[in-house]
Every structure is written in C-alpha cells, then in structure tokens.
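Coordinate-derived values only; no laboratory data. Note that the structure is predicted; figures quoted are calculated from it, not measured.
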Amino acid sequence: MSLDPALALRLESVSKSLGGRTVLAGVDLAVPVGERVALIGPSGAGKTTLLRLAAGVLAPDAGRVTVLGQDTAHLHGRELKQVRRDVGLLYQLDNLVPSLRVVHNVLMGRLGHWSAARALLSLLIPQQLGLARSALARVELAHRLWALPGELSGGEQQRVAVARLLVQSPRLMLADEPVASLDVRLGREIIQLLCSIAREQGRTLLVSLHALDLLGGHVDRVIALSGGTIAWQGPPEALSQPVLRRVYGAEYESLRLADVALGKGGA
C-alpha cells in the first residue's frame, strides 16, 4: 500500500505483545495531518502501547506503522533521527531533570535540532534563549525561567514539559495521560493548551485520557480501545453511556462513568 502524505499516522493490521500478553491485536488506524484525537479505554486497553508504536519506541510484532510518511520498520540513521525530532511525546510525569533549571529543561526540546557541541554549550550558556522565553510565556511561566523544577507546583512542572514540546516543534504530538497526576482544573488547562497549540500550528495530536470529563469538545475524534482493539470511534459528541459501558466493562462502575456529562449521541 502506498504511503499517504496526508496522513500523520497509519497503523495497518498492527499487533503487539508485551510480557506474553497481546496488547494490540490487528489494529487499523489512520490519523490525518492536523487532526486532534483522544484515546480512551480501560486500564491495559493498549493506549500507551499505541502511542509508543507511534513514537517509534516500539516496533510492531505484525503489521505496519507509518509515521509522517515513514515506515518505522525501515528507519535507520538520519531518517530515524528525523522522525524522532518530528514526533514529540509528553508523558504522565513531566520527566524534568531536577538538577537543571527550567530554561535548560525547556531547551532540551531542541536537542534533536542541535549538534552535540551546541547541546553541551547550552548547559553553560543557554542557546536560543528567546525561544525558551517565548515557549514559557505561552504556558504562562515566563517568570520561572531560572527556577529549579523542585520550586514549581505539579501543574507548573507539567506546563514546563509542554513548553519543552513547543520548542521541539514536532509535527506529531503524542501525550500519554499527561494530566493523570493533576486535579481536574489543572488537567483541563493542560488539555486545552495542547489542543490550542495543535490547532494554531496545524500539528497532529494524539492524547490518551483517563478522565473523560476532560474531553470538553477540544478534540476532533475519540478512539476507544478495549481488549487491544478499536471498540468505537467517532466525534466526541457522539459518545454515549451505552458506548462507555460496552468499552469499559467492569471499570464502568468503579470509574463512575455514569456521572460523566456527554453530548447527545447513539451507540
């Protein structure tokens, strides 16, 4: 099958097993450039594995993963470095380096663009300082440029991680439950920020979410994973309680999903 430049990500009959357990089974997925997609589903449904496949961190056991027009199974050397530079991954935990000041943590997003010499120099004299300031201003943290991560709140640390993603300027942004450790208000702010950045810059965004009340109409499509397969997909307003009950199974009651306000839509 020919590669489609209009797609940021494509999975064709992709399967992946980890620790002897099938995590994804024959998944087919196409994500157009510029689309904002939310991944939902119960624990162990395969959301993190799908994102790691999209980031090129994992290789499929079967099927093909195409990222930004490149088949990840055949990436080596310069092509692999290019794709890793163009794909940004935001984790549940911010992954900041505690001993480095905010400016250095933010500028780590430029490592894929710099030579090794420039990266080392930046530890002494921060390179592209204006870019770091601008990114921090975008997340309302310009005044924390020289702070250490330990001096920031949890929400501020995650916004620094978003600023790092901004300076990386990836074409494909992946976020693996980036707000799971934050309260609902802060989580909503981070999701709104990621979606705004994607919309304004024409970037593609895939974000996995545990709390469904954070969807908030910011994404174009919701994909529900269950048992390693795509159980449902559609616009967020089409989500319904019958869909959630079918997708989440035993977790439906424990997560209190019946209390989540959804748009009108059928199953």
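Some notes on this structure:
- Gap separating the Cα centres of segment 41-90 and segment 96-146, nearest whole Å: 26
- In order through segment 51-56: 3J(HN,Hα) via Karplus (6.51 cos²θ - 1.76 cosθ + 1.60), integer Hz, x for Gly, Pro: 5, 5, 5, 5, 7, x
- Under 5 Å between amide hydrogens, built in the peptide plane, is the criterion, and for residue 26 it picks out 14, 15, 16 among residues at least 5 positions away or on other chains.
- In the chain, the alpha-carbon atoms span a convex hull of 136 Å³ per residue.
- Per-residue HN-Hα couplings for segment 166-173 [Karplus 6.51, -1.76, 1.60; θ = phi - 60°; Hz; x = Gly/Pro]: 4, 6, 5, 6, x, 7, 10, 9
- Nonlocal amide H pairs with residue 36, under 5 Å, H built at 1.01 Å: 205, 220, 221
- The convex hull of the Cα atoms of segment 104-159, projected and averaged over all directions, covers 3.9 nm².
- Whole-Hz ³J(HN,Hα) from phi, Karplus 6.51 cos²θ - 1.76 cosθ + 1.60, for segment 70-85, glycine and proline x: 10, 6, 5, 5, 10, 8, 8, x, 4, 5, 5, 4, 5, 5, 5, 6
- Summarising the strand pairing of the chain, around 55 percent of its internal DSSP beta bridges are antiparallel.
- Averaging 1/r across all pairs of distinct Cα atoms in segment 155-267 and inverting the result yields a Kirkwood radius of 15.0 Å.
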